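Novice: I have a structure here, written as structure tokens, and I will follow up with some questions on it.
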Amino acid sequence: MENKKIIFSGVQPSGNVTLGNYLGAIKNWVDLQEEYNCIYAMMDLHSITVRQNPQELKKKTLDLLALYIACGIDPEQNILFVQSHNHCHAELSWVLNCYTYMGELQRMTQFKDKSKNHADNINAGLFTYPVLMASDILLYQTDLVPVGKDQMQHIEICRDIAERFNGIYGDVFKIPEGFMPKAGAKVMSLQEPTKKMSKSDENPKAYISMLDDLNVIAKKIKSAVTDSEGIIEYREGDETKAGINNLITILSAVTGKSIESIVSEYSGKGYGDFKADVAEAVVECIRPIRAEFDKISQDKKYLTDIYEDGAMKATRIAERTLKKVYKKVGFVV
Ligand code: AQP
């Protein structure tokens with residue numbers, strides 16, 4: 001790899017990638033790939049913190065790889081691998097668990113939300129999820145982690161854990177920075193717009209999957225929950241406007257137009273026309289990605305070669321950090 005700064009990020013194969021995952025994370029990975037050495041994983045270890053169907057998990061992991069590539073991530077230029085193929089993630093995670101406090105983890109919003117949504121399965125993995133995420137990042141001496149807004153709290157705890165460890169043992173880990181996009185850092189549910197759009201939402205109308213049929217995508221946007229005021233205005237923090245705010249943000253993120261210019265363009269127009277235009281813009285954004293995905297996802301050999309090569313390269317880099325950590329804590333290496 002060239003001597004550039006390092007990016008690490010990933011998506012869990014816990015469902016089909018949503019427009020939120022794309023706009024919040026993957027789209028930025030594509031934009032940053034020239035400037036950085038990028039390492040992107042399919043985060044299967046994370047995904048089992050919520051019960052998964054094994055057959056589907058396997059399929060979704062490979063679909064995710066195909067989708068990364070279809071979105072424009074160049075497999076020649078970047079390292080793409082399956083998280084569980086690199087033994088270092090789980091190993092470093094165990095060590096860092098011993099340098100993370102229960103109180104810190106108890107404050108994590110995602111843990112609180114997921115405990116509420118999966119009250120019958122509040123497992124220890126769900127609780128220590130941020131420690132595994134810290135390990136993912138720190139193993140590669142990462143400079144930048146492009147994520148959506150919901151993951152910024154996990155970046156903060158990652159930095160705290162790294163600083164604590166470095167404080168005891170010297171400079172073992174690079175302290176990473178989080179990176180969020182200007183538009184699309186938190187895409188909201190189409191049915192409950194005060195809630196984040198999530199790929200594991202029980203209501204499929206709440207999210208746009210990058211693998212939905214294009215006419216289904218248009219229908220979902222046209223039936224998005226809005227309000228009865230009938231005014232296309234962006235009002236940050238006004239919950240009654242959450243649906244319209246969300247559609248304006250989505251349009252801004254997929255077209256690159258500013259929120260102000262969208263608001264003035266639609267001044268005096270009705271929600272029907274506006275939704276139709278948002279639907280069209282999203283469909284046109286996803287159309288070429290879908291076409292590419294349909295091609296790549298059929299080619300199992302191509303995908304296998306990429307993830308095998310990626311695992312080898314990722315493991316080689318990560319083992320250097322893990323060995324340093326083992327030495328520092330006093331393991332016989
Ligand atoms: N709604 C969103 N808007 C913008 N960015 C988002 N991300 C997730 N949802 C949105 C970003 O996508 C990346 C991958 O997320 P993840 O798979 O690691 O898990 P998540 O954040 O928990 O995403 P989901 O879709 O809500 O998954 P489930 O339903 O399985 O929990 C991250 O960078 C995330 O910030």
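Novice: Which condition does residue 333 not pass, out of (1) touching a helix residue (DSSP H, G or I) at 6+ places or on another chain (Cβ under 7 Å); (2) under 30 Å from residue 132 (Cα atoms); (3) modelled with pLDDT of 95 or more, if it passes all the others?
Specialist: In the conditions (1) touching a helix residue (DSSP H, G or I) at 6+ places or on another chain (Cβ under 7 Å); (2) under 30 Å from residue 132 (Cα atoms); (3) modelled with pLDDT of 95 or more, residue 333 misses (3) alone.
Novice: Let me ask you something else. May I ask you to list the residues in region 185-197 that are more than 6 Å from the ligand (Cβ to nearest atom) and either open to solvent by less than 10 Å² (accessible area, probe 1.4 Å) or in a strand (DSSP E or B) (or both)?
Specialist: Within region 185-197, 188, 189, 190 meet the criteria.
Novice: In region 167-181, which residues are within 12 Å of the ligand (Cβ to nearest atom) and in a loop (DSSP other than H, G, I, E, B)?
Specialist: 180, 181
Novice: With respect to the numbered conditions (1) touching a Phe, Trp or Tyr at 6+ places or on another chain (Cβ under 8 Å); (2) closer than 30 Å to residue 137 by Cβ; (3) open to solvent by 40 Å² or more (accessible area, probe 1.4 Å), which one is the sole condition not fulfilled by residue 179?
Specialist: Of the numbered conditions (1) touching a Phe, Trp or Tyr at 6+ places or on another chain (Cβ under 8 Å); (2) closer than 30 Å to residue 137 by Cβ; (3) open to solvent by 40 Å² or more (accessible area, probe 1.4 Å), the odd one out for residue 179 is (1).
Novice: Hey, another quick one. Mind counting the residues in region 113-140 that are open to solvent by less than 30 Å² (accessible area, probe 1.4 Å) and closer than 30 Å to residue 5 by Cα?
Specialist: Residues meeting the conditions: 12.
Novice: May I pose another question? If residue 288 passes every condition in (1) over 30 Å from residue 241 (Cβ atoms); (2) open to solvent by less than 70 Å² (accessible area, probe 1.4 Å); (3) not aromatic (Phe, Trp, Tyr) but one, which one does it miss?
Specialist: Looking at each condition in turn, residue 288 falls short on (2).
Novice: Right, here's the next one. List the pairs whose first member sits in region 148-166 and is in a helix (DSSP H, G or I), whose second member is basic (Lys, Arg) and within 10 Å of the ligand (Cβ to nearest atom), and whose Cβ atoms are under 9 Å apart, counting only residues at least 6 apart or on separate chains?
Specialist: What qualifies is 149/186; 149/196; 150/186; 150/196.
The values are calculated or read from the model by the stated rules, or taken from the named source; none is laboratory data. Remember, it's a predicted structure, so these values are computed and weren't measured experimentally. Backbone-built Cβ (ideal geometry, glycine too); neighbour counts: all protein chains shown. The protein model used for the area step is the full one, side chains on, heavy atoms only, and it has no ligands, DNA or RNA in it. Shrake-Rupley method; radii C 1.70, N 1.55, O 1.52, S 1.80 Å.
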